Amino acid sequence: MMEEETRIIWRHESFLCLSAGDITQKGYEKKRSKLIGAYFPQTPGKTCLFILSSPVTPVTPSSRYHRRRSSGSRDERYRSDVHTEAVQAALAKHKERKMAVPMPSKRRSLVVQTSMDAYTPPGGGGTSSSQEGSISMEHWISRAIHGTSSTTTTASSSSSSTRSGGSGAAGGRLADVLAQQVHISTQHHLRHHHHHHRHKTGKNRRATPDPTADPTADPTADPIADPSADPTNISCSTLTGCLFSAGVPVSSRVSAKIQQLVNTLKRPKRPPLREFFVDDFEELLDVQQPDPNLPKAEGAQMVALRGEQLGVVTNWPPSLEAALQRWGTISPKAPCLSTMDTNGKPLYVLTYGKLWSRSVKVAFNLLYKLGTKQEPLVRPGDRVALVFPNNDPAAFMTAFYGCLLAEVVPVPIEVPLSRKDAGSQQIGFLLGSCGVTVALTSDVCHKGLPKSPTGEIPQFRGWPKVLWFVAESKHLSKPPRDWFPHIKDANQDTAYIEYKTCKDGSVLGVAVTRVSMLTHCQALTQTCSYSEAETVVNVLDFKKDVGLWHAVQTSVMNMMHVISIPYALMKVNPLSWIQKVCQYKAKVACVKSRDMHWALVAHRDQRDINLSSLRMLLLADGSNPWSISSCDAFLNVFQTKGLKPEVICPCASSPEALTVAIRRPLEDGSSPPGRGVLSMQGLSHGVIRIDSEEKLSVLTLQDVGSVMPGATMCAVKPEGVPQLCKTDEIGELCVCTVATGTSYYGLAGMTKNTFEVFPVSTSGSPITEFPFTRTGLLGFIGPAGLIFVAGKMDGLMVVGGRRHNADDIVATALAVEPMKFVYRGRIAVFSITVLHDERIVVVAEQRPDSTEEDSFQWMSRVLQAIDGIHQVGVYCLALVPSNTLPKTPLGGIHLSETKQLFLEGALHPCNVLMCPHTCVTNLPKPRQKQPGNIGPASVMVGNLVSGKRIAQASGRDLGQIEDNDQARKFLFLSEVLQWRAQTTPEHVLFTLLNSRGTVSSSLTCMQLHKRAEKIAALLAERGHLQDGDHVALVYPPGIDLIVAFYGCLYAGCVPITVRPPHPQNISTTLPTVKMIVEVSRSVCVMTTQLICKLLRSKEASAAVDVRTWPPVLDTDDLPKKKPPLLHKPSNPDTLAYLDFSVSTTGMLAGVQMSHTATSAFCRSIKLQGELYPSREVAICLDPYCGLGFVLWCLCSVYSGHRSILIPPSELELNPSLWLWSISQQKVRDTFCSYSVMELCTKGLGLQTDALKSRGLDLSRVRTCVVVAEERPRIALTQSFSKLFKDLGLHPRAVSTSFGCRVNLAVCLQGTSGPDPTTVFVDMRALRHDRVRLVERGSPHSLPLMESGKILPGVRIIIANPETKGPMGESHLGEIWVHSGHNSSGYFTVYGDETLQSDHFSSRLSFGDTQTIWARTGYLGFLRRTELTDASGERHDALYVVGALEEAMELRGMRYHPIDIETSVIRTHKSITECAVFTWTNLLVVVVELDGSEQEALDLVPLVTNVVLEEHYLIVGVVVVVDIGVIPINSRGEKQRMHLRDGFLADQLDPIYVAYNM
């Protein structure tokens, strides 16, 4: 008799504790007081010690069993009260160290509050669904176990664990159960102290520092609370700790939550990372080094174990069919099978005579009545499907034996409930691969199948076409008198195929031959000592597994009488099987632990129960480690009812190996069965350790008896070569016997690996010449030849080199307040591979009435419990609404389908908690920055640095180009305009198109000159402006803007173009206008009448006070007279205009453009684009800053070509406007923005054929340039090229330009010169600021497209941004530029020139230290290509990687947001846009959801996974928002900093915010 104890050990280890869940509601403060309740720790009581005595002590019946049935039935496979205590103890350890961890925020529409009335407990409507009922249930069972000991521990009233009247505060603390005041005798107290003492001195306690612990407290202090201490003290201090972690009050503000998250993450991960540099390109994932102190197997090599001889008894039949014939003819009246209806009344008795005659009838009809005489549909050896419901064993049995008699191979499967039934598709594949064309079914089942309107049964998804054949007597024709089936002795032909669902969801068919089937029945008969006419009660599924072997096959061999209890009856009356055992005085019952548990729950001290007739209670799932507690509890209650302890017989089986082992029904007085109390820590390393230092995490196993007769068994290592295990090692059990399956039907390779295994000894030689079959069970052979099973291969998860069993983790999760929270105990546990290791995912269905707080209380405790007992982190914990997980035909959870839905983002959870920070410990080492690889000490020889060519390049030299450029003689643009007005007055310079594509206005040289003069007069007259005054031009894109610009030049003023406020969005756009007007020191504003009115409107006044504007001039009515004299600037280096733009990081920067720079810029573009007066250029850009403004307003005046102006806003009304204009005007050169290109790609994607038929032709386009200040968006340009290729667009025509603040256009693909090239670089090397070229399609490759050709007069060099030294070719560095059209500096009011002067006048730290360069602030590299340009020189390509100020430094590496965003957008179809930014070293990912809000939570794991996999980063916060929340500027660039500010100020109204732990 083994005594088992659970002690509570206090371990110091860093754990995650989570607070209760919050719902993002704007009125969070009201709820706060409720939530705070959750942080008050319950009064700590004394810890208690439970003694579990031997399970065989008799118990006197007492009133405590008069209980009402529980409402929540927990999954009985995992009932273990000892385990529940352990979980409670593990949780109690964390109770004092609550940390306030941010709860996810949810939009109210996502929080589905179901009323209690909608929820009917599984126990039927009549039973009590109060929490009291279920809790007391738990206590009752735990007392049933613990109450047997001599020193009874009496638990205080169970109601203390129930929820306090619906307050929402988590009152039902799990740890309360432990904290209940328990009377323990003094001697126990002493023992308890002694144990603690022993553990304190233990050498191998893990000394991980606990950052949450009070540093002053003594870690070894005795953890038993001093009852005299004032409990209120504790509560207060804990409370303040929670509310002001790091001094931030916990409120609805996002920043406070992130602060909490940061505090939580400051704590070390479990394995501390060893720091060293990685200076190789390859980022090394941290490989877990094996710890030398880990438990290793030390035993000798095991010896294969032989079972007893299979004694062939003389009267055993030569085959099962022969047995049936014998009983059917000599005892036709003997009962074979009795079936019950749902009320438990006998429905029907099938006698052996009837079974024989009906089977013969089925056999005859199968062979002769299907198809034609010449072409029968079914021949001997063919496979047919048996589709019978669970309540009709008689029809199934008849069909099964009919098939055997016809020598046809039956394939029993479940009834497909619907066409989309989870897993039915895989069953269809099995039927297809078996070549099944006929399905036998019963009348009732046939009527119940889904039918089409014509009455035909539709083809199920994935199924072959089958003929449905009703195999019931009344539908069959009688065989002729002289026809008898041919009955042979058992041979090697396949008898039947049993289906098996694998871990990945695929369904295999295990073929069992006739001789295997017969031998198996003989072995079962011998093991179970079956005899003729015995009565067996069967609750199991009779179509497969133990139910089929005992109740259909072996029963017929021995002429036994089976009482079949349908599952539906068990649901209504869980005691039905016990009642039938009494009624029929049955000798044997076949059940699962679930049935024992249900009987316990429903048992109401029934007087008339007597189980003394039972000689064997066969437990089909006895190999499940969690079945032991059901056995113990059942025995405790029913021993007084005549149940003998030795009757309980657990068995182990698998579809491949059939019955692996059964505990024999013992004779009275022999030794009790064996038990093993194993350390879970040891098990996770694959070794058996009986005495465990950690009494919390133990697994108690019961034996499943000894090896079957005629079989040999051994255990082999689960992975790799099937090498025999050592005696103290867990392995996969393998058996060698005739009585196993022989193959996976039609799969030779898999068959070899499973059914033809030759175990080898350490020397490498096979132990026998006979093949073994793998059972799929993990276990070991214990003392006295007893077999113990510790889990299944299918449930194995290898995390960080340690093995965990999914079932064990389910059991731990269910022990956390099981009755109250998880709906019907439905929990799925599986692993997914992320970043080269398996990660554990737990998915549970929550009760319909659970609140958000309940969910988060439960989730946080589950994490702690699993961490405490299994020492493994959970990667993702998801809760789904009740009844939403895919089901197997028998109602269990379909695991592989659940996993598939999770990975596809289609699970739709209602709560998600990701803990990547705790689980992912194999990230690459953070990078230590190395000094620049080229420093002043490097040898410089000519243009070589450290053996590499210096990365420098230049466009054509402006001085050497001979062209008849008349405009060159003028220093100022205003002079060029006057010259054009005189020489070509009627030449049209500008044409503006409206949304219909018609010309709304145009300007000739003379018209522009005249109107500009009037503007100058207006400025002089009404504005009283002097030379050099600044004027803000607030105009919509159009002709007025151009006129006003030249008017300012004529008046000697400095114009600043400003985007007008958006009438629909004044409150956010007007302040920007006002800011530019102020910062640029504009003395007046010029605009149209319409915008004047807008500025004075009520909405505008609310945003900006009207009185604060400088004078506003309306240019719609201009004065008639012209100004006396046009202004001519004295010095070409004076200011021509100011260019203001908001960068993507939210910085407003104005740069100064001198007259010299402006003219040089225009000349450079004219030369690059070969622009002459005869040319036409279509421009679809915003004309407010950068190259867009220059192309819109300046270039036509300088070069004389006609600009066709298309305001991008018009494209929103007519997406094809730009392309139609190009086609109709036969334009050869066009410029656009990414926004325009995206609009065309998305808006016209499906209309290309229609456009083509209407005559849209793009074949004349030779350059289509995207004007940008970023890395080329290669995916967009490529999809645009592909999409419009059919309309004649040449792919080489599409290119990009590159400009920035210091130089508005560095590169621009001209008309001549090589096509833009694309290279693929390694994204991992890029993070280390290196460039490594790779082949297209290689992993981690990133395509980069050249940003156009360097403009004439521009020189580029790549420099190290830190050391300012020149870089070698193909090295990543900052792009520096030297050019005549560089801006001359920032225009700033605050005088912090020191900071910026560096941007415009930097010098290299060595090499050419004379040249003055401007720093672009962008990272990139130069690469000399094989191509030659027009001058015959080799072409240097510039590749822009990204802005330095946008780049994020994480883990010592440099990440460009766009790379992470691209990965994220690819993960799920519902993600339309994504933006990332950092906040205190945390990566925040914001995704826009195009779909129902229910999908929001699906995105959290997917986003986390992809960023881990592709970028080796852990996402800190995932924010799911509506479409259009991520701000995008006019150039189509994301404003990530605006987004960040909005997020931290709680202004995004997110659908869901997940804080990853």
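The values are calculated or read from the model by the stated rules, or taken from the named source; none is laboratory data. Just so you know, these numbers come straight off a predicted model, no measurement behind them. When we count neighbours, we look across all protein chains shown, and the Cβ atoms used for this are built from the backbone with ideal geometry, even at glycine. We work out accessible area using only protein heavy atoms, side chains counted, and drop any ligands, DNA or RNA first. Shrake-Rupley method; radii C 1.70, N 1.55, O 1.52, S 1.80 Å.
Name the residue that is farthest from residue 777 (Cα to Cα), counting only residues in region 716-763 that are part of a loop (DSSP other than H, G, I, E, B) and free of Cβ contacts under 8 Å to residues at least 12 places away in the same chain. It comes out as 763.
Going through (1) under 21 Å from residue 1195 (Cα atoms); (2) out of contact with any helix residue (DSSP H, G or I) (no Cβ under 9 Å at 6 or more places or on another chain) one by one, residue 1158 falls short only on (2). Restricting attention to region 1436-1467, the residues that are over 19 Å from residue 1361 (Cα atoms), open to solvent by less than 10 Å² (accessible area, probe 1.4 Å) and not in a helix (DSSP H, G or I) total 1. Counting only helices (runs of 4 or more DSSP H) that sit wholly inside region 538-644, those with at least 1 residues that are within 21 Å of residue 340 (Cα to Cα) are 545-548, 567-572, 576-584, 593-602. Number of residues in region 445-469 that are among the hydrophobic types (A, V, I, L, M, F, W, C), surrounded by fewer than 18 Cβ atoms within 10 Å (Cβ to Cβ) and at pLDDT 90 or above: the value is 2. Answer with yes or no whether residue 862 is in contact with a strand residue (DSSP E or B) (Cβ under 8 Å, 6 or more places away or on another chain), open to solvent by less than 30 Å² (accessible area, probe 1.4 Å) and modelled with pLDDT of 90 or more. In short, yes.
Is it fair to say residue 488 is among the basic types (Lys, Arg), surrounded by 15 or more Cβ atoms within 10 Å (Cβ to Cβ) and assigned to a loop (DSSP other than H, G, I, E, B)? It is false that residue 488 is among the basic types (Lys, Arg), surrounded by 15 or more Cβ atoms within 10 Å (Cβ to Cβ) and assigned to a loop (DSSP other than H, G, I, E, B).
Table: residues versus (1) closer than 18 Å to residue 1311 by Cα; (2) among the basic types (Lys, Arg); (3) at pLDDT 90 or above.
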| position | (1), (2), (3) |
| --- | --- |
| 1149 | no, no, no |
| 1175 | yes, yes, yes |
| 1182 | no, no, yes |
| 1197 | no, no, yes |
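Any residue at all in region 1521-1541 that is open to solvent by 10 Å² or more (accessible area, probe 1.4 Å), farther than 30 Å from residue 1207 by Cβ and part of a loop (DSSP other than H, G, I, E, B)? No.
Going by the conditions given, is residue 780 in contact (Cβ under 8 Å) with a residue 24 or more places away in the chain, aromatic (Phe, Trp, Tyr) and within 21 Å of residue 811 (Cβ to Cβ)? Judged against the criteria, residue 780 is a match.
Applying the condition of being over 20 Å from residue 909 (Cα atoms), assigned to a helix (DSSP H, G or I) and not small (Gly, Ala, Ser) to region 810-833 and asking which residue is modelled with the highest pLDDT yields 812.
Restricting region 834-859 to residues that are of a type in the set (Val, Ile, Thr) and part of a strand (DSSP E or B), which is modelled with the lowest pLDDT? Out of the qualifying residues, it is 834. Given the structure, is residue 871 farther than 25 Å from residue 106 by Cβ, modelled with pLDDT under 90 and out of contact with any Leu (no Cβ under 8 Å at 6 or more places or on another chain)? Yes: the conditions hold for residue 871. The set of residues in region 297-314 being under 29 Å from residue 686 (Cα atoms) and among the aliphatic types (A, V, I, L, M) consists of 297, 300, 302, 303, 304, 305. Got at least one residue in region 1489-1496 being free of Cβ contacts under 8 Å to residues at least 12 places away in the same chain and either assigned to a helix (DSSP H, G or I) or more than 23 Å from residue 1065 (Cβ to Cβ) (or both)? Within region 1489-1496 (the criterion being free of Cβ contacts under 8 Å to residues at least 12 places away in the same chain and either assigned to a helix (DSSP H, G or I) or more than 23 Å from residue 1065 (Cβ to Cβ) (or both)), the answer is yes, since at least one residue qualifies. Checking 504, 493 one by one, the residue that is in contact with a Ser or Thr (Cβ under 6 Å, 6 or more places away or on another chain), open to solvent by 10 Å² or more (accessible area, probe 1.4 Å) and over 28 Å from residue 578 (Cβ atoms) is 504 and no other. Any residue that is modelled with pLDDT of 90 or more, of a type in the set (A, V, I, L, M) and over 47 Å from the mean Cα position of the chain (by Cα) - is there at least one of those in region 1376-1398? Among the residues of region 1376-1398, not one is modelled with pLDDT of 90 or more, of a type in the set (A, V, I, L, M) and over 47 Å from the mean Cα position of the chain (by Cα), which makes the answer no. When you check residue 518 against the structure, is it open to solvent by 10 Å² or more (accessible area, probe 1.4 Å), at pLDDT 95 or above and either within 43 Å of the chain's Cα centre (by Cα) or aliphatic (A, V, I, L, M) (or both), yes or no? Yes.
Residue by residue, here is whether (1) part of a loop (DSSP other than H, G, I, E, B); (2) in contact (Cβ under 8 Å) with a residue 40 or more places away in the chain holds:
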residue	(1), (2)
1277	no, yes
1282	no, no
1292	no, no
1297	no, yes
1303	yes, yes
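Does residue 629 satisfy being surrounded by 21 or more Cβ atoms within 10 Å (Cβ to Cβ) and out of contact with any helix residue (DSSP H, G or I) (no Cβ under 8 Å at 6 or more places or on another chain)? It is false that residue 629 is surrounded by 21 or more Cβ atoms within 10 Å (Cβ to Cβ) and out of contact with any helix residue (DSSP H, G or I) (no Cβ under 8 Å at 6 or more places or on another chain).
For region 536-546, a residue qualifies if it is surrounded by 21 or more Cβ atoms within 10 Å (Cβ to Cβ), of a type outside the set (Phe, Trp, Tyr) and either in contact with a helix residue (DSSP H, G or I) (Cβ under 9 Å, 6 or more places away or on another chain) or under 19 Å from residue 327 (Cα atoms) (or both), and the qualifying residues are 536, 537, 538, 539, 540, 543. Is there a residue being outside any loop (DSSP other than H, G, I, E, B) and either touching a Leu at 6+ places or on another chain (Cβ under 6 Å) or free of Cβ contacts under 8 Å to residues at least 24 places away in the same chain (or both) anywhere in region 1256-1272? No, that holds for no residue.
For region 1202-1209, the criterion of being touching a Gly at 6+ places or on another chain (Cβ under 8 Å) and within 28 Å of residue 1245 (Cα to Cα) is met by at least one residue. Exactly one residue among 1235, 1279, 1253, 1221 is over 39 Å from the mean Cα position of the chain (by Cα), open to solvent by 10 Å² or more (accessible area, probe 1.4 Å) and modelled with pLDDT of 90 or more, and that residue is 1253. Candidates in region 304-345 are the residues that are among the hydroxyl-bearing types (Ser, Thr, Tyr) and farther than 28 Å from residue 361 by Cβ; of these, the one that is surrounded by the fewest Cβ atoms within 10 Å (Cβ to Cβ) is 314.
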